[in-house]
1. Please report the relative contact order for the range A:235-413, taking Cα pairs under 8 Å with a sequence separation of at least 6, and give it as a percent rounded to a whole number.
2. I need the Debye-formula profile for the range B:105-232: one equal scatterer per C-alpha, no solvent, reported as log10 I(q)/I(0) at q = 0.10, 0.13, 0.14, 0.22 1/Å, two decimals.
3. Looking at the protein assembly as shown, what % of its DSSP beta bridges pair antiparallel, to the nearest 5?
4. Kindly state, to the nearest 0.05, the FRET efficiency for residue B:255 paired with residue B:10, given R0 = 30 Å and r defined as their beta-carbon distance.
5. Taking only the Cα atoms of the range A:235-413, how large is their convex hull per residue, in Å³?
6. Taking only Cα atoms, what is the 0 to 90° angle, nearest 10, from helix A:146-157's long axis to the longest principal axis of chain A?
7. With bins 5 Å wide starting at 0, give me the P(r) of the range A:1-110 over every alpha carbon pair, in whole percents.
8. With N set to the number of residues, divide the alpha-carbon radius of gyration of the range A:212-321 by 2.2 N^0.38 Å and report two decimals.
Ligand SMILES: Cc1ncc(C[n+]2csc(CCOP(=O)(O)OP(=O)(O)O)c2C)c(N)n1
Ligand code: SF4
Ligand SMILES: [Mg+2]
């Protein structure tokens, strides 16, 4: 097989993340490139969650509609994922759940219960009937009593079953790999990455025991793909945190919010590494988070905050303050489904225009979006470099999909970028006020950290003169406004084009995307001759892409309702976007959906607005 | 650095407060305190919120950062934590600190960052023309209010205490000398100091005027009140201290106390940061990245 998707579903808090990581590491140890996506509820324990691990012979950046192998750890997974396994695929399930019926699955949304009732033509279909429907669709159901297996192995090893029952995840992964005819060795190596000491020993024994059992031969199989050392596997939140460290971050503030928190927690946990001394402060709210980071930045410390939609809304005034006093500030925005509390743990790209425009008044800000794990690492560094170069706010857009997605990539790709270009005033002898807002043609006055000897200055959120005193003088107002806004032009001129956008392929049908549609669209190109893809990294100041769009049939693909990128492209280039492909159900666009939508565009059957609706 | 005179701490910029405003007294006291403590203006930052009171930094020759309405405390703490060598004073009005900024006021008490916060309390929103401030009493009607105040009064001292401020004092804007001494003590205190200043606003507050205060104010320390809370007090002794504090902090009417109400030694946030930033404060954020990042080491946990 060239590619393969393994899915594990079960109750949140039951360790299915551990299972997915183990599976991903095991196949990676067997030489496969992997990517993992995570779907979960805003809940601590008990609600349904699932993860897909997709394998490929090339680096993986997209996910499929249909999976090849589904591990259902509970009955709810069986019910929810009906129709999600491709014909010829495998379903591993616990036969004990067959006593249940849809109404006995208390966490199943009514909407799903009703849809199942309608499909089966009765009020309360049983899981036996659902299982039969899998089989009818050509899926091979394999009963696998996880707990019984745990107990049996416990007896065999002379270990209390209470202990082996804690290894259900390992059992499920080992069973999957064993069924697929995948060798045991890589799994043992993966276990060694995951566990230590006695726990490792037990898990190894359990995996070996699973492999000793007879299993049926499947039509599916998974071979080794030639292991190469030097790969790493990490999430978007981890990559962004590492990027911030590589970019010299020294101060980070946050108020807990999904899916942004992971980044700050990572930073807090790694301050013992050389060069990673970041003061991380959990503030009372996002208003404090943004303003405290600004205070730190004024002293010369590279400072940032990370948040998600609701918190970003609260930061709007603080960001304008940074713009006004010309404080370098990075705001890492992990978008999630909005508005309001919205879909706290589901993905969206609905904050694009808010990131660019949000807040009162006008100030120069830069907005960039990351498309994958490597981008997250590199862009976090660029964001810091730009914030300090232009002494203003840089919003780094990610989203929930990327935050919780993990990818394997070559370690050497994760290299620190130079952090230069900052203009700083050389301290002088003597005593007297500095001109903090001294005239500068490029709009950038030399930065003067608080505490610089030889003088002092003032700053105010009011409009101000060169020394930083309040003014309402019309001439000074124009002067300062123009000086600040000039930075946008400077940035657009200075930032290398490859950091603004990438034309991966040209075509008469040209797709435009930003952020996390990148991996999906790049793979989609393989199936779409004649289609081009222009990926935007810099969203503001908006790159000069107009000439590239000349005479093309333009399509945007994005995760929001209205097609915000399409609006932005039209506004900035005066070119009509012919088709807006949008998705806003909180689930990332799959490869299959993207290909299907773009084929419809090619065939001339696509409407102007095409809504993608797949996902569990 | 050259020897500075008192005058050197005064900026060229002239205050635009109303004649007779209590803010003038506070400004003078602050200027004198910085001078007497021989604070280096290049190592001193006065932060402010937004309001009449918040214009203070513009009139001082030290670094001055005039922030947003209600946000002075987080900005000031960010700077102090990033560069612990700075002397940091935050100032703002009652609306700034206890209205829009009340959440920060409380959270800051939990941290105990080493700095002084001066609250100018004129019981009104001066700069927006005299609406009721969060310290104006229930039913009170200042001249610019169309109706008596339907909301109750926050007691800033009790709130500061509940939040964990480690030095709590009250001064009076027209007692410039006394205020100067309090500011000096507050700056010198190790931890977060809170100085509540009664600040007449002749333009909008016709209830609590200079004349009104003159009849009521007295100095706690002249009556033998001891604010110091030594370490190792027994629970009973601590209870007594707290009871005394509460009695004095709540006193408002015929007699109104000024002076230091509470002074305790509690580890600062800077000291607590050491728990996970072992090299802090020797290596502090404003220094930048002093050593190359151990990226190789960090990537180990992600290795395949
Ligand atoms: C977010 C926000 N809301 C409202 C205002 C308008 N505003 C400016 S000053 C002020 C009140 C000032 O009162 P106080 O803090 O007591 O200071 P004073 O003027 O009395 O010294 C208000 C409400 C603002 N600047 N920002
Ligand atoms: S309005 Fe009141 S507080 Fe403001 S400057 Fe005038 S007197 Fe002072
Ligand atoms: Mg006031």
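1. Working: 402 pairs, mean separation 51.4, N = 179.
Relative contact order for the range A:235-413 comes out at 29 percent.
2. -0.36, -0.60, -0.69, -1.34
3. Values: 40 of 130 bridges.
Approximately 30 percent, going by the DSSP bridge assignments.
4. Values: r = 35 Å, r/R0 = 1.16.
Working from the Cβ atoms, E equals 0.30.
5. Numbers: hull volume 17.3 nm³, N = 179.
Dividing the Cα hull volume of the range A:235-413 by its residues yields 97 Å³.
6. The answer is roughly 70 degrees.
7. 2, 12, 22, 23, 19, 12, 6, 3, 1
8. Details: Rg = 20.1 Å, N = 110, 2.2 N^0.38 = 13.1 Å.
Expressed relative to 2.2 N^0.38 Å, the Cα Rg reads 1.53.
Every number in this text was worked out from the coordinates using simple rules, so none of it is lab data. Please read all numbers here as calculations on a predicted model, not as lab measurements. All Cβ positions, even for glycine, are placed from backbone atoms using ideal geometry, and neighbour counts span all protein chains on display.
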